[in-house]
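**Q** Dropping a structure here in structure tokens format, bear with me for questions.
The values are calculated or read from the model by the stated rules, or taken from the named source; none is laboratory data. Remember, predicted model here, so these are calculated numbers, not experimental data. Cβ sites come from the backbone with ideal geometry, for glycine too, and all protein chains shown count toward neighbours. Keep in mind that these areas ignore ligands, DNA and RNA; they rest on the heavy atoms of the full protein, side chains included. Shrake-Rupley method; radii C 1.70, N 1.55, O 1.52, S 1.80 Å.
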Amino acid sequence: MSDNRSGIGHFYIELRRRKVFRVAAVYMGSAFVLLEASEMVLPRLALPDWSVTLVMVLLGLGFPVALIFSWIFDRTPDGVVKTTAQSEFSKSQLDETTRELETPRIAINPKSIAVLPFTSINKSEGDEILCDGITENILTHLAKIGGMKVVSRTSIMQYKHTTKTIKEIGNELGVASILEGSVQRSGDRIRITGQLISCESDEHLWADSYDKDYEDIFEIQSDVAQHIASALQTTLSPDEQKLIKEEKPTTNMEAYDFYLKGLYHWHTSYTKDGNQKSAENFEKAAELDPNFAIAYARAAFVHIVLYAVPMWDRTPERLSQAKKVLDRALALAPNHPESLRASAMYAQVIGDLEKATQEYEKAFELLPNDYDTPLLIAAMYQQMGDMDKAEEYYVKTYEMSPREVDPAIKLGRFYGFMGNYEKSEHYLGLAMTYHPSNVACYSYSALHQINAYGNTEKAREIIDQVPAVGDNLSSEILLYPKYYIAMYERAFGDAIDVARQHKKHHPGSTFLGLAYYSADKMDMMKTEFTFLKTYYDDLIKSDSEDVQSQTGLGLTLAALGNKKGALSHCQKAETLFADSKDMSYSGQLAQMNLARAYTIIGEYEKAIQTLDTLVKNPGHTTVWDLKLDPIFDVLREVPRFKELTV
């Protein structure tokens, strides 16, 4: 964040560094004393009245001179020297200065806690998976306690293997206490140690160790949660006590190991393959224990994600599998938060938004400290076009965890969606201030520069500052701003390279097809879109009401020169849009592809009409997309298009 601030921010920092404000204050104080003295002394010396005015004028003329000298020179133990330029100034000093200016002061809740990733004594992969699972399960137990504030898994995992002190971590996360611990497994025995530490005093508020059979792990996790609540003087309601002391999710510890593997893949691999491995492990757990309700619920949720993400597996077979395992979860544990969330998401993807709302709300009541659920609710209201309710839930989530990265990013993105760019930059800036190593902060900040201002140069500067990363999520999430920067700057070779990386995570890539089209590489373009045609044909055969597939096939046929077929599917998509009024990002992307398809086949009025609707409604598609997208170059001289881009 320190290198991304505006020109005004840089100037303000330099004024402070060069002590201009201090010199101004000292000069004005001294000038006031001199002026008061001259008014008393000069008349007694029989000097004319205008002599006081002369002193006032001289003091006034001296003020800017003093400021100029304070900017150029500095007084040091070695005498008066010329002030170094900012580029020569110590980065650590600059970071310290800007940290003071930028980091908001947020009161720390005395009942707030972060659970650091538990460490493995044996250092094996299996024990690492176990440690991550224990960390998550303790977080889940604590999320059930309404009187506490619990930092999410997303934020705490950055401190895995950290060398930072408890106080440093507490300050960064804005919490009063931290739980840390270790795990050692040997055969059917497990040893878990835990200690709750005050971030302010470094005092141990609670500590204990457990040396038990592996099957007792659920009792240990519940006991830890209760002791933490007691140490933080949080009274548990009867319902909260019941939730924390819930029955063992399974008695089959082999099934539990597969469940933990499912969680591990879910949290560490964000590709289609990673999600499939997650679902497979959850289903293996359920196969070993047919009464393992949470395994079914988790499997259902992952299957729904695989179905919902465009270009992953939007097939009736995937949706049918999701329904099958969801029904089993609901039969076993109809009121469990995981069952309710999976049920809500299933209802959302099939269009039953009223049921989705009810199920999400029930899950949120059971997990009042879990911010994933209200974020899902906010996104659903945004999709429905109820922006007031969407804002309410985005703000509520942010207020629950003002130093968490996801709520700040999502709130910033929402305000960008609504065209409130000042608020958008504020929350995206806060996310980067607190999480300077989180790649998503850079990706969305870069996209914001493009959407809000068409500033691809600034977007590139932001991407260039991304810290070194190697995980799948980080590499994939950066592809989107990189692609748009390259396409909008007409660097089609770079766009093709980025789109090829994008295709690694998807069966086909419209991005790659459009990059070939814009680069006039027609043979390669036809190869890519021919593959996509087969893909979309299969989807539409199984679900002709899917708007994503209809617009995808419409654009594909347009690129392949089949105007009649493109028109047919584009018109079908327009009918579906009229019924759904989908305001989600994917809905807007589908409409953008509809406009591109109309443009490619020469239906300029239809293209402009679609673009007009897009830019006049809230969304991340802005007038800058119209101005910069090379697909719309053929529309530049059309009068009505010119009106849209003014």
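For (1) out of contact with any Pro (no Cβ under 8 Å at 6 or more places or on another chain); (2) at pLDDT 90 or above; (3) farther than 23 Å from Q449 by Cα, each residue gets a yes or a no:
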{"residue": "E354", "(1), (2), (3)": "yes, no, yes"}
{"residue": "M384", "(1), (2), (3)": "yes, no, yes"}
{"residue": "P407", "(1), (2), (3)": "yes, no, no"}
{"residue": "G412", "(1), (2), (3)": "yes, yes, no"}
{"residue": "M418", "(1), (2), (3)": "no, yes, no"}
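**Q** Still on this structure: Of the residues that sit in segment 223-253 and are modelled with pLDDT of 80 or more and in a loop (DSSP other than H, G, I, E, B), which one is surrounded by the fewest Cβ atoms within 10 Å (Cβ to Cβ)?
**A** T251
**Q** Moving to a separate point now. Name the single residue, out of those in segment 433-475 being under 26 Å from Q588 (Cβ atoms), modelled with pLDDT under 85 and not aliphatic (A, V, I, L, M), that is surrounded by the most Cβ atoms within 10 Å (Cβ to Cβ).
**A** Out of the qualifying residues, it is N438.
**Q** Out of all the residues in segment 304-313, which are open to solvent by 10 Å² or more (accessible area, probe 1.4 Å) and either modelled with pLDDT of 90 or more or at negative phi (or both)?
**A** Narrowing segment 304-313 to residues open to solvent by 10 Å² or more (accessible area, probe 1.4 Å): 305, 307-313.
Selection gives V305, Y307, A308, V309, P310, W312, D313.
**Q** Ok, one more. Tell me yes or no: at least one residue of segment 580-599 is in contact (Cβ under 8 Å) with a residue 12 or more places away in the chain, in contact with a His (Cβ under 6 Å, 6 or more places away or on another chain) and over 22 Å from L479 (Cα atoms).
**A** No, every residue in segment 580-599 fails to be in contact (Cβ under 8 Å) with a residue 12 or more places away in the chain, in contact with a His (Cβ under 6 Å, 6 or more places away or on another chain) and over 22 Å from L479 (Cα atoms).
**Q** Restricting to segment 160-203, name every residue that is among the hydrophobic types (A, V, I, L, M, F, W, C) and in a strand (DSSP E or B).
**A** First, the residues of segment 160-203 that are among the hydrophobic types (A, V, I, L, M, F, W, C): 166, 169, 173, 175-176, 178-179, 183, 190, 192, 196-197, 199.
Listed by number, the residues that qualify are I178, L179, V183, I190, I192, L196, I197.
**Q** Still on this structure: Here are some conditions: (1) modelled with pLDDT of 90 or more; (2) surrounded by 16 or more Cβ atoms within 10 Å (Cβ to Cβ); (3) touching an Asp or Glu at 6+ places or on another chain (Cβ under 9 Å); (4) not small (G, A, S). L614 meets all but one. Which one does it not meet?
**A** L614 satisfies all of (1) modelled with pLDDT of 90 or more; (2) surrounded by 16 or more Cβ atoms within 10 Å (Cβ to Cβ); (3) touching an Asp or Glu at 6+ places or on another chain (Cβ under 9 Å); (4) not small (G, A, S) except (1).
**Q** Please go through (1) open to solvent by 20 Å² or more (accessible area, probe 1.4 Å); (2) over 21 Å from the mean Cα position of the chain (by Cα) for K144 and return the number of the only condition it doesn't satisfy.
**A** (1)
**Q** Collect the residues in segment 368-417 that are of a type in the set (F, W, Y) and open to solvent by 20 Å² or more (accessible area, probe 1.4 Å), keeping them in residue-number order.
**A** Of everything in segment 368-417, those that are of a type in the set (F, W, Y) and open to solvent by 20 Å² or more (accessible area, probe 1.4 Å) turn out to be Y381, Y398.
**Q** Please pick out the residue among I121, I169 that is farther than 19 Å from N369 by Cα and open to solvent by 50 Å² or more (accessible area, probe 1.4 Å). Steps first, please.
**A** Numbers: I169 fails: open to solvent by 50 Å² or more (accessible area, probe 1.4 Å).
I121 is the lone residue from the list that is farther than 19 Å from N369 by Cα and open to solvent by 50 Å² or more (accessible area, probe 1.4 Å).
Yes or no, residue by residue, for (1) open to solvent by 30 Å² or more (accessible area, probe 1.4 Å); (2) among the small types (G, A, S); (3) in contact with a Phe, Trp or Tyr (Cβ under 8 Å, 6 or more places away or on another chain):
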| position | (1), (2), (3) |
| --- | --- |
| A255 | no, yes, yes |
| N275 | no, no, yes |
| A279 | no, yes, no |
| F282 | no, no, yes |
| L288 | yes, no, yes |
| N291 | yes, no, no |
| F301 | yes, no, no |
| P334 | yes, no, no |
| E338 | no, no, yes |
